[in-house]
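The values are calculated or read from the model by the stated rules, or taken from the named source; none is laboratory data. Please read these numbers as outputs of a predicted model, since none were measured by experiment. Glycine gets a Cβ as well: all are built from the backbone with ideal geometry, and neighbour counts include every protein chain shown. What goes into the accessible areas is simple: the full protein's heavy atoms, side chains included, and nothing from ligands, DNA or RNA. Shrake-Rupley method; radii C 1.70, N 1.55, O 1.52, S 1.80 Å.
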Amino acid sequence: MADDQQCVTSTDQDQVRTITLNRPTVLNACNRALLAALGEAVTAAAVDRSVRCLLITGAGRAFCSGQDLVELKQRVEAGSPINLEQRLRERYNPIISTIRTMAKPVVAAVNGVAAGAGASLALACDLRVAAESATFIQAFVRIGLVSDAGSTFMLPRLVGAARAAELAFTGRTLDASEAQRIGLVNRVVPDEELPAAAVEYAAQLAALPTRAVGLMKQMLNAAWAANLDEQLELEARLQTTATQTEDHQEGLAAFFEKRPAQFAGR
Ligand code: T3D
């Protein structure tokens with residue numbers, strides 16, 4: 001097993017930061033060290049202006065199997081059970097919030113099973129590309145827990161209330177093709193093509209006018225809680241911000257010069 005120092009790795013290519021969960025022998029289960037490293041990695045990606053798209057994936061045959069149950073059990077046996085409420089507040093929740101609010105697109109490359117909080121992590125991303133063999137499991141109920149790490153927020157918004165209830169209550173395994181059919185996944189590709197397809201997809205997103213994409217993410221987030229008037233007002237306000245970007249000038253110039261735009265993300 002990768003030691004705690006390497007349980008999350010980060011690499012950069014074409015303004016895409018790839019974060020890889022790296023505990024493959026336990027299907028990238030989230031122990032304390034992985035959560036700390038993932039928290040640092042997503043925060044670093046959020047504030048680094050050279051990063052214009054974040055890609056999150058898993059090493060080995062899984063995306064992420066959620067909370068490390070061995071760690072949970074060991075702590076109970078040692079007489080110092082993990083305070084789950086505190087762990088959610090201090091570890092999981094900031095990761096989900098940072099992904100949802102960073103002003104750049106975040107893609108999950110779901111290379112295998114995404115279970116429990118691992119599924120929540122995938123759901124928190126803006127877009128999901130999945131391998132054909134990937135699966136999504138709301139595993140919480142299988143061990144008598146409730147959905148967490150943002151699952152009850154994201155799941156109904158992505159697939160609708162009835163489907164969300166069924167998936168959360170039963171914890172049944174959802175395969176990639178059904179996940180795509182119900183709107184949980186944007187693209188499904190053959191397993192062996194996933195790494196290259198995800199990087200290519202992320203690079204395309206990184207080449208977009210990143211400020212505008214970030215502002216649209218802000219508006220789409222707001223739309224979940226706003227009424228129409230509030231949303232119209234926000235659109236008007238943030239359009240003003242968008243008009244002040246270099247990328248808007250470049251987009252206009254490219255249109256009139258009849259050439260492809262070269263956006264710099266500024
Ligand atoms: O606040 C808090 O901290 C609480 C938060 C909770 C949020 C949650 O995430 S609750 C849900 C926790 N996750 C689960 O309940 C999923 C547990 N895993 C599974 O159900 C299955 O492993 C899978 C369905 C994900 C995959 O099944 P399969 O058959 O492909 O693989 P496997 O053989 O079960 O697993 C391979 C190994 O990974 C195995 O170890 P071994 O036998 O080879 O030594 C297995 O024990 C280990 N593993 C898988 N998931 C976890 C894990 N080890 C620790 N924690 C895991 N979550």
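Applying the criterion of being open to solvent by less than 30 Å² (accessible area, probe 1.4 Å) and under 17 Å from the mean Cα position of the chain (by Cα) to the residues of region 1-19, the residue that is farthest from D68 (Cα to Cα) is V16.
Of everything listed in (1) over 25 Å from A207 (Cα atoms); (2) part of a loop (DSSP other than H, G, I, E, B); (3) more than 8 Å from the ligand (Cβ to nearest atom), the single unmet condition for R89 is (2). Contact map, region 78-90: first residue within 14 Å of D148 (Cα to Cα), second residue of a type in the set (D, E, K, R) and near the ligand (Cβ under 10 Å from one of its atoms), Cβ cut-off under 9 Å, separation 6 or more or different chains; pairs are L84/D148; R87/R32; L88/D148. A139 falls short on exactly one of the conditions (1) within 14 Å of I56 (Cα to Cα); (2) touching a residue at least 60 places away in the same chain (Cβ under 8 Å); (3) surrounded by 22 or more Cβ atoms within 10 Å (Cβ to Cβ), and that condition is (1). Each residue in region 228-261 was checked for being surrounded by 14 or more Cβ atoms within 10 Å (Cβ to Cβ) and of a type outside the set (S, T, N, Q), and 10 of them qualify. So, A41, is that one open to solvent by less than 50 Å² (accessible area, probe 1.4 Å), modelled with pLDDT of 95 or more and touching an Asp or Glu at 6+ places or on another chain (Cβ under 7 Å) or not? Here the answer is no, as A41 does not meet what is asked. Of all the residues in region 100-115, those that are within 9 Å of the ligand (Cβ to nearest atom), outside any loop (DSSP other than H, G, I, E, B) and not β-branched (V, I, T) number 2. For region 75-86, residues that are in a helix (DSSP H, G or I) and near the ligand (Cβ under 9 Å from one of its atoms) total 3.
Residue selection: V70 fails the criterion of being among the hydrophobic types (A, V, I, L, M, F, W, C) and within 17 Å of V16 (Cα to Cα). Scanning region 55-67 for residues that are near the ligand (Cβ under 9 Å from one of its atoms), surrounded by 17 or more Cβ atoms within 10 Å (Cβ to Cβ) and over 15 Å from I95 (Cβ atoms) returns A62, S65.
Hey, any hits in region 103-121 for a residue that's closer than 21 Å to T170 by Cβ, open to solvent by 10 Å² or more (accessible area, probe 1.4 Å) and free of Cβ contacts under 8 Å to residues at least 24 places away in the same chain? The answer is no, given that none of the residues of region 103-121 is closer than 21 Å to T170 by Cβ, open to solvent by 10 Å² or more (accessible area, probe 1.4 Å) and free of Cβ contacts under 8 Å to residues at least 24 places away in the same chain.
Being open to solvent by less than 10 Å² (accessible area, probe 1.4 Å) and outside any helix (DSSP H, G or I) is the filter; apply it to region 25-38 and report the residue that is nearest to T98 (Cα to Cα). Full working, then the answer.
Initial filter on region 25-38 (open to solvent by less than 10 Å² (accessible area, probe 1.4 Å)): 28-30, 34-35, 38.
Among the residues that remain, those that are also outside any helix (DSSP H, G or I) are: 28-30.
Values: N28: 20, A29: 20, C30: 17 Å.
The residue in question is C30.
Tally up the residues in region 188-227 that are open to solvent by 80 Å² or more (accessible area, probe 1.4 Å), farther than 14 Å from L54 by Cα and of a type in the set (D, E, K, R), please. Residues meeting the conditions: 3. Could we say that L72 is within 13 Å of the ligand (Cβ to nearest atom), at pLDDT 95 or above and outside any strand (DSSP E or B) here? No, not satisfied.
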